[in-house]
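The values are calculated or read from the model by the stated rules, or taken from the named source; none is laboratory data. All figures in this text were calculated on a predicted structure; none of them were measured in a lab. As a convention, Cβ positions derive from the backbone with ideal geometry for all residues, glycine included, and neighbour counts pool all protein chains shown. Only protein heavy atoms, including side chains, enter the accessible area calculation; ligands, DNA and RNA are left aside. Shrake-Rupley method; radii C 1.70, N 1.55, O 1.52, S 1.80 Å.
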Amino acid sequence: MQTQSSSEHVAADAGGLRPRVAVAGGAPPSITAPPNSIRPLRHGVDSLYLSYPGLLRVELAEALQAAKDCAQQRTVESVASAWVQLGAHHFQVLPRGRGRFAFVLQDNWFHLEIANTTAPRLPLTHVQIRSEYLTAVGPEEALRELDAIVDLLGRRKGPARISRVDLFVDFVGGDDLIMQPAAAWVRRCHKRDLHEAGNRLTGISFGAGNEISARLYDKTLEIEKSGKVYLHPLWRANGWQGEGETVWRMEFQTRREGLPEALRGSARHCLPNLGPWWRYLATDWLRLAAPSDTDATRTRWPTHPCWAQLAMVWNVAPDAPPMTRVTTTRAPSDEAIFQNGLWGLSSFMAREGITDASEGVGEFLHALEQFFRARPSTGGLDAYLAGKARLKACRYNVPLRGARDEG
């Protein structure tokens, strides 16, 4: 059956969201899960894209165009001025729009694509809420913050609506799920892709590129590459034993055209129904079955015990605990600055045969000033550093001390 029929099928069920396949939920998982069992760590919304109907304020459109023009220039002063202030957010304005959206703004919480006043048929803005911010505060709080920002952009003509939502469960104990044969996956999509790292199978994707798609993959391995270590303390709070224990992520991605009618209205009213939507996706749209030697009809095969737990995890797994506040800026951490940033100093000290830190810093600064004094085209050390600082402050969404608020 084609993927396109999934939303129509769900709408025919009671309430528009209830799956037809009933899966019994077991007792809450313990730290030592038995064989053929998983231990859920977290579940929720990993990605949320929203669309707001409305029209941009004319004066703000002019300010955004001016900032966009600055971003397209080659001088440090111009590029560093490519930002706008909206409430407490110091947004970087990118030099190009995206598609038919004229302006793109971003900070550590949100990525906004904004339509110009000359495109009244487009939504006022299309917004991606950053994953780390969603993890920290949850979708409801993120939506409240975003509503306030969009109200500063212009006149809204309706509530936010979901354009895309990614639901996930992080769990341990299901290492054999990824090794199940292709026939065991009873699914509504045709496409199935395997992902490997070296000789190791690390993930499976289903229906990639369709209105509904899914992925089962090694999240611990992905974090080694992405650096999203903010998930580690949240996992530990729910019983994760550390880096030696593999965490798997099951994730369903749904674009707007794949959503049932019950999830196409106001985002605020739809968010409480994401649990039932997960249960539909993990029972009717995709299901891992236990193959039977006596029954050739795959849809009658019993559900794999681990998958049965996954399908009902919204009923049995606790919500993630609150996380340390995520700043709106994208500034690097102290570790990134002070450890990685010492490469030049330590290399200089090694070259000069210096081991004393105070002597090394003094000699390094002296040599640094001499280097730039011999190259007048750079404008000198002070001008060079000031220019770099302004560029990075814009990129990190950090207002410089003494900078005029142009918001």
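For the reader, a short list of remarks on this structure follows.
- Listed residues 57, 395, 164, most fluctuating in the chain (Gaussian network, C-alpha, under 10 Å): 57
- Of all accessible heavy-atom area on the chain, the percent that carbon and sulfur account for (1.4 Å): 51 percent
- If you wrap the stretch 54-171 in the convex hull of its Cα atoms and look at it from every side, the mean projected area works out to 8.3 nm².
- Among the lysines of the chain, pairs at least eight places apart or on separate chains and with Cα atoms under 23 Å apart come to 5.
- Simple spin-label estimate for residue 261 and residue 352 in nanometres, 7 Å along Cα-Cβ: 7.5 nm
- Less than 5 angstrom separates the built amide H of residue 192 from those of 207, all sequence-distant by 5 or more or on a different chain.
- Positive contributions from Lys and Arg (+1) and negative ones from Asp and Glu (-1), summed over other residues with Cβ under 9 Å from the Cβ of residue 218, come out at +2.
- Note on the chain: GNM, Cα springs under 10 Å; of 163, 346, 358, the largest mean-square fluctuation is that of 358.
- Cα gyration tensor, the stretch 139-247 - rounded (a/c under 1.5), prolate or oblate: oblate
- Relative contact order of the chain, pairs being alpha-carbon contacts under 8 Å that are 6 or more residues apart, as %: 24 percent
- Largest mean-square fluctuation among 283, 297, 220, in a Gaussian network model of the chain whose springs join Cα atoms under 10 Å apart, belongs to 297.
- Where the chain is the region considered: accessible area per residue in Å², 1.4 Å probe: 51 Å²
- Counting 0.36 nm for each residue step from residue 199 to residue 78 and taking away their Cα separation leaves a gain of 38.7 nm.
- The simple Förster model, with R0 at 51 Å and r as the Cβ-Cβ distance, assigns residue 69 and residue 222 a FRET efficiency of 0.85.
- Sites residue 342 and residue 377, calculated FRET efficiency, Cβ-Cβ separation with R0 30 Å, nearest 0.05: 0.60
- Estimated inter-spin distance, residue 392 and residue 208, nm [label 7 Å along Cα→Cβ]: 3.6 nm
- Debye, to nearest 20: dipole size of the chain, +1 on Lys, Arg Cβ, -1 on Asp, Glu Cβ: 1300 debye
- Net charge of the neighbourhood of residue 391, taken over other residues with C-beta under 12 Å away and scored Lys/Arg +1, Asp/Glu -1, is +4.
- Potential extension, residue 59-residue 183 segment - 0.36 nm per residue separation minus Cα distance: 38.8 nm
- Cα→Cβ-extended label distance, 7 Å offset, between residue 141 and residue 298, nm: 4.3 nm
- Residues whose amide H lies under 5 Å from that of residue 98, counting only those 5 or more places away or on a different chain, are 103; hydrogens are built 1.01 Å from N in the peptide plane.
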